[in-house]
Each structure stands twice: as structure tokens, then as C-alpha cells.
Amino acid sequence: MTANPFPANSRYHHVPVVTRTLPDGTVESYLARRILPAPARHVPLEHHRLTGAERPDTLAHDSYGDPTLWWRIVDASGEADPADLTGTEGRLVMIPLPLEIADNGHA
């Protein structure tokens, strides 16, 4: 395994970078599979009722001050596709605490 090249606010920060050697000797690096955390592990920071005009990144900016943390909200919703999270007026979306806090540091 090699060092993870992703910043701390990336959804891939804790995903290991692994390598494999092909029969011709070429070494390929790739990310191991990222397992989505169970939605039940998330603890709400707040809830937000959608107007239908939000995007995951704008929700993250408004809640965390960092639009790149959109993936935390998507993970907590249980949606596999970020596009499925928003666009539905009236939907109540949980804005979660980071798992590092919610799970007492065991994210």
C-alpha cells in the first residue's frame, strides 16, 4: 500500500491505496473499495427541509462551511447517488455530525 493522496476532508481520505503487479511487470495503483457507513451510525447535527433548489455541496457549505464535505450528508441519507439526495421539495435531510465525533473517534 502507498500513502493516501487525498486531503482530510475527502471522502477517500481513509480509503487505502493499493497496488498490483500485472503479468508484464507493470504496477497499477488504485483505491480499495469504499464501504458506505450504515445510516444508523450517523448522529444529527441538524435537519434541513429541502426547498428543491439545493445541491449536496450547497447544503454542506451552509452547514459545515465547506462544500467539499457534501459526501457526509449523502452518506447519512443512505443514497448511493448524490443526485438522488436533493431536488425533492419538502424532503427532510439529516446533516450529520462527522463520524469521528459521533462514533467517539472510531469512524
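No value in this document is a laboratory result; all are computed from the given coordinates. Quick caveat: nothing in here was measured; it's all calculated off a predicted structure. Here the Cβ positions follow ideal geometry from the backbone for every residue, glycine too, while neighbour counts run over all protein chains shown.
Observations, loosely collected:
- The label-point distance for HIS14 and THR51, in a model that sets each label 7 Å from Cα toward Cβ, rounds to 3.4 nm.
- Table column - 3J(HN,Hα) (Hz), the range 32-48, Karplus curve with 6.51, -1.76, 1.60, x for Gly and Pro: 5, 5, 8, 8, 5, x, 4, x, 5, 6, 7, 10, x, 8, 6, 10, 10
- Here the Karplus relation 6.51 cos²θ - 1.76 cosθ + 1.60, evaluated at θ = phi - 60°, turns the backbone of the range 53-60 into coupling constants of 9, 6, 10, x, 5, 6, 4, 5 Hz, with x for every Gly and Pro.
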